[in-house]
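To start, the structure under review is shown below, and the notes come after it.
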Amino acid sequence: MSRQLASVTLGTLGLDVALLIALWLTLSRAPTRGAGARLERVRRVAAAAVALQLVHFLEEWHSGFHVRFPQLVGLAPWSSEFFVAFNAAWLVVWAACAALLRAERPALLLPLWFLAVASLANGVAHPLLAAAVRGYFPGLWSSLAVGAAGVFLLRALAAATAPRRSALRA
């Protein structure tokens, strides 16, 4: 495995965990009967979370997160191309799912659960990284708003869904 591929693979393991949690939430919960209004709230909160993630990505990009984070954990810096493509791809997926959520397709919830969990993780991880370096760490300022958006999105998703065995009773 190349040094760059190893760095990307190991450096994004936290997001892999967030994606597994999102998959579990998607498989274990379903939209409740008549969840249209609640899903509309999810859509609005998700749109705001995506906008904040864009701001967060821009802060990370301009302050060198793709170089400083991998180096902090003993990995090779990530290429600019990878960092931009990775973030742009997720921003597009999240925006599309938020826009299409009116269709009430449960599969659209997986990326939104991931957005919520990853946003919350960002809100915790960036202040911890700043504490580890005893100063500013790329992405710190916007991570606070992103973390809050994650909490609001988790709450909205939880209100629009229920455990699968009782989803139709709600």
Return yes or no: is Ala30 over 19 Å from Ala121 (Cβ atoms), in contact with a Lys or Arg (Cβ under 9 Å, 6 or more places away or on another chain) and surrounded by 20 or more Cβ atoms within 10 Å (Cβ to Cβ)?
yes
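Only one of these is modelled with pLDDT of 95 or more and more than 16 Å from Val8 (Cβ to Cβ): Ala35, Ala88, Ala51. Name it. It would help to see each step written out before you state the result.
Values: Ala35 fails: modelled with pLDDT of 95 or more; Ala88 fails: more than 16 Å from Val8 (Cβ to Cβ).
Going through Ala35, Ala88, Ala51 in turn, just one is modelled with pLDDT of 95 or more and more than 16 Å from Val8 (Cβ to Cβ): Ala51.
Can we say Ala85 is in a helix (DSSP H, G or I), small (Gly, Ala, Ser) and under 17 Å from Trp113 (Cβ atoms)?
no
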Pair list, Cβ < 9 Å and 6+ apart or interchain, from the stretch 43-62 residues that are crowded, with 16+ Cβ neighbours inside 10 Å to residues that are outside any helix (DSSP H, G or I):
His56/Gly139; Phe57/Gly139; Glu59/Pro138; Glu59/Gly139; Glu60/Pro138; Glu60/Gly139; Trp61/Pro138
For the stretch 1-27, which residues satisfy the criterion of being at pLDDT 95 or above and of a type in the set (Ser, Thr, Tyr)?
none
Identify the single condition in (1) within 24 Å of Arg3 (Cα to Cα); (2) free of Cβ contacts under 8 Å to residues at least 24 places away in the same chain; (3) surrounded by 20 or more Cβ atoms within 10 Å (Cβ to Cβ); (4) not acidic (Asp, Glu) that Phe69 does not satisfy, given that it satisfies every other one.
(2)
Can you find a residue that is outside any helix (DSSP H, G or I) and more than 15 Å from the chain's Cα centre (by Cα) anywhere in the stretch 41-48?
no
Given the residues Leu112, Leu153, Leu157, which is the only one that is in contact with a Cys (Cβ under 6 Å, 6 or more places away or on another chain), crowded, with 24+ Cβ neighbours inside 10 Å and within 14 Å of Leu25 (Cβ to Cβ)?
Leu112
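The values are calculated or read from the model by the stated rules, or taken from the named source; none is laboratory data. All of these numbers come straight from a predicted model, not from anything done at the bench. A quick note on method: Cβ atoms are made from the backbone with ideal geometry, for glycine too, and the neighbour counts reach across all protein chains shown.
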